[in-house]
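Visitor: Below is one structure. I have some questions about it.
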Amino acid sequence: MERGAGHLGGVQEHCQSMHRSNEEGYKVHLELNLARDVKDNKQGFFKYISSKQKTRKNVGLLLNEVGGQVMADTEKAKLLNAFLASVLMLRPALRNPRPWR
């Protein structure tokens, strides 16, 4: 029998759906409690917020115009800045973006 077909497949899909809704319900409940208790539980609130932040500590390997590897952070910043500036110069619409409504 094919996976997901027949009665057992329906039961499996139902169980997965219930599991997802339980996880979502737990998350909503947790976030509501954090929002309600933020004045009394600042540490818990900031711990939750920091767990949601995804940051990268470094930029990977970059190649300059002549194909050489750029290692220093300041050189990477200059290279990325020059690239982004060139993109903005090529597309006039990006220079003067319209306000988002």
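Visitor: Select from region 67-78 the residues that are over 18 Å from Lys57 (Cα atoms) and assigned to a helix (DSSP H, G or I) and list them in ascending order.
Guide: As a first pass, look at region 67-78 and keep what is over 18 Å from Lys57 (Cα atoms): 67-69.
Answer for region 67-78, where residues must be over 18 Å from Lys57 (Cα atoms) and assigned to a helix (DSSP H, G or I): there is none.
Visitor: Please work out which residue is modelled with the lowest pLDDT, limiting yourself to region 25-52 and to residues that are surrounded by 10 or more Cβ atoms within 10 Å (Cβ to Cβ) and of a type in the set (Gly, Ala, Ser).
Guide: Restricting attention to region 25-52, the residues satisfying the condition of being surrounded by 10 or more Cβ atoms within 10 Å (Cβ to Cβ) are 25-34, 36-38, 41-42, 44-49.
Cutting the leftovers down to of a type in the set (Gly, Ala, Ser) gives us 25, 44.
Values: Gly25: 77, Gly44: 84.
Only one residue fits best here, namely Gly25.
Visitor: So, in region 53-73, exactly how many residues are surrounded by 11 or more Cβ atoms within 10 Å (Cβ to Cβ) and either in contact (Cβ under 8 Å) with a residue 12 or more places away in the chain or not assigned by TED's automatic domain parsing to the domain that holds Leu84 (or both)?
Guide: To start, the set of residues in region 53-73 that are surrounded by 11 or more Cβ atoms within 10 Å (Cβ to Cβ) comprises 59, 62, 64, 70.
Okay, now just the ones that are also either in contact (Cβ under 8 Å) with a residue 12 or more places away in the chain or not assigned by TED's automatic domain parsing to the domain that holds Leu84 (or both), so 59, 62, 64.
Within region 53-73, residues that are surrounded by 11 or more Cβ atoms within 10 Å (Cβ to Cβ) and either in contact (Cβ under 8 Å) with a residue 12 or more places away in the chain or not assigned by TED's automatic domain parsing to the domain that holds Leu84 (or both) number 3.
The values are calculated or read from the model by the stated rules, or taken from the named source; none is laboratory data. Here the structure is a predicted model, which means the values were calculated and not measured. Heads up, the Cβs are rebuilt from the backbone with ideal geometry, glycines too, and the neighbour counts pull from every protein chain shown.
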